[in-house]
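> Can you read through this structure? Questions will come right after.
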Amino acid sequence: MKIVVDTNRIIAALIKNGTTRDILLDYMFDFVTSDYIISEVNKHKDELKAMTKLTDDGFEIVLNMILERVKITPLVEYNSFIEESKAKLVT
């Protein structure tokens, strides 16, 4: 099963070595997100580095560890599945 992960979860995993990071690094799950995540993380990179107190290299290592576990899909392709996904939601 593929699980869609949003920017907030990626950022949470960057900020703290906790449950969110553990889940994202767990090989039992397949995660997918849009390439928009890259621009969002880069937009807030300095703020995130200050929050984590990581060096530039340390920040990049943690970010790459997380992103290696998440399939990055072009936003155009990602958006094409939104309506299909909404139709499958059980209310």
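The values are calculated or read from the model by the stated rules, or taken from the named source; none is laboratory data. All values derive from a computational prediction rather than experimental measurement. Here Cβ is always computed from backbone atoms with ideal geometry, including for glycine, and neighbour counts include all displayed protein chains.
> Within segment 1-55, how many residues turn out to be assigned to a helix (DSSP H, G or I), of a type outside the set (Ser, Thr, Tyr) and either in contact with a Gly (Cβ under 9 Å, 6 or more places away or on another chain) or in contact (Cβ under 8 Å) with a residue 40 or more places away in the chain (or both)?
We begin by selecting, within segment 1-55, every residue assigned to a helix (DSSP H, G or I); these are 7-15, 19-24, 36-43, 45-52.
The next check asks that each one be of a type outside the set (Ser, Thr, Tyr); those that pass are 8-15, 21-24, 37-38, 40-43, 45-51.
Pick out the ones that are also either in contact with a Gly (Cβ under 9 Å, 6 or more places away or on another chain) or in contact (Cβ under 8 Å) with a residue 40 or more places away in the chain (or both) and you get 10, 12-14, 21, 24, 49.
Count: 7.
> Moving to a separate point now. Counting just the residues of segment 53-91 that are modelled with pLDDT under 90 and of a type in the set (Val, Ile, Thr), which one comes out surrounded by the most Cβ atoms within 10 Å (Cβ to Cβ)?
THR73
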